[in-house]
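Enquirer: Submitted below is the structure of interest, expressed as structure tokens.
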Amino acid sequence: CGVLRRKALNMAAKRIGATKIATAHNLDDEIQTFMLNIVHGDPMRIARTGPAYDEEELWFIPRVKPLCEVLEKEITLYAYLKGIRFQEFPCPYASAALRNDVRNTLNRLEEKHPGIKHTIYGSAEKIREAIKERKPKIHLNQCKACGEPTTGEICQACQLLQKIKAH
């Protein structure tokens, strides 16, 4: 879902002439993504995440994450107290995803060691900056199928849609 959502956000932002996309990613999202990149054996991807992703390519709208240091439960509590509607039920496929296991592990650690999520986030930021200093900047290409940004020839969204159409 994330691949298609990111593509849709980029396309919509370009359509309205936006110069930035603000997402509601929170601290939990950020550290889960950090841990998933490690678990998947892709630590270099860490450099492309974080509070702001400011790739300056013509067809990529930079992201900012103003809530990236706020815990998910704090945002949920605020929304509840202010009467702001939010999605209460998880994705029906979430339980099978590795992210769910990472989320549960991090939540157990936070219960046992309060503040550990903030500590992990701080460490992730230091690692991200160290990787950015050493890693050459990635040049984005335009997807040959849809024209959206990609690091390869065909973006992940188009690859996914091609697989779906093939079945």
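The values are calculated or read from the model by the stated rules, or taken from the named source; none is laboratory data. In this text the structure is predicted, and so the values were computed from the model without any measurement. Backbone-built Cβ (ideal geometry, glycine too); neighbour counts: all protein chains shown.
Enquirer: Have a look at R85, R108 and point out the one that is assigned to a helix (DSSP H, G or I) and basic (K, R).
Expert: R108
Enquirer: Okay, moving on. Select from segment 110-142 the residues that are of a type in the set (A, V, I, L, M, F, W, C) and modelled with pLDDT of 90 or more and list them in ascending order.
Expert: I116, I120, A124, I127, A130
Enquirer: If a residue must be of a type outside the set (S, T, N, Q) and surrounded by 14 or more Cβ atoms within 10 Å (Cβ to Cβ), how many such residues does segment 98-128 contain?
Expert: 16
Enquirer: Still on this structure, I have one more. Go over the candidates E129, E125 one by one and state the one that is without any contact (Cβ under 8 Å) to a residue 60 or more places away in the chain and among the acidic types (D, E).
Expert: None of the others qualify; the one that does is E129.
Enquirer: OK, next. Any residue in segment 139-164 that's more than 15 Å from V3 (Cβ to Cβ): show its pairings with residues that are outside any loop (DSSP other than H, G, I, E, B) and β-branched (V, I, T) at Cβ separation under 6 Å, as long as the two are six or more apart or on different chains.
Expert: Filtered contacts from segment 139-164: N141/T150.
Enquirer: Part of a loop (DSSP other than H, G, I, E, B) and either hydroxyl-bearing (S, T, Y) or without any contact (Cβ under 8 Å) to a residue 24 or more places away in the chain (or both): does that describe P114?
Expert: Yes; evaluated as a whole, the condition is true for this residue.
Enquirer: Answer with yes or no whether V102 is in a loop (DSSP other than H, G, I, E, B), of a type in the set (A, V, I, L, M) and in contact with a Leu (Cβ under 8 Å, 6 or more places away or on another chain).
Expert: Considered against the rule, which asks whether it is in a loop (DSSP other than H, G, I, E, B), of a type in the set (A, V, I, L, M) and in contact with a Leu (Cβ under 8 Å, 6 or more places away or on another chain), V102 comes out as no.
Enquirer: Ok, one more. What are the pairs with Cβ atoms under 7 angstrom where one residue, in segment 60-73, is closer than 24 Å to I16 by Cβ and the other, located anywhere, is among the acidic types (D, E) and at pLDDT 95 or above? Sequence gap at least six, or different chains.
Expert: Going by the 7 Å Cβ cut-off, the qualifying pairs are C68/E30.
Enquirer: Checking E153 against (1) at pLDDT 90 or above; (2) outside any loop (DSSP other than H, G, I, E, B); (3) exposed (fewer than 14 other Cβ atoms within 10 Å of the Cβ): exactly one of these is not met. Which one?
Expert: Going through (1) at pLDDT 90 or above; (2) outside any loop (DSSP other than H, G, I, E, B); (3) exposed (fewer than 14 other Cβ atoms within 10 Å of the Cβ) one by one, E153 breaks only (2).
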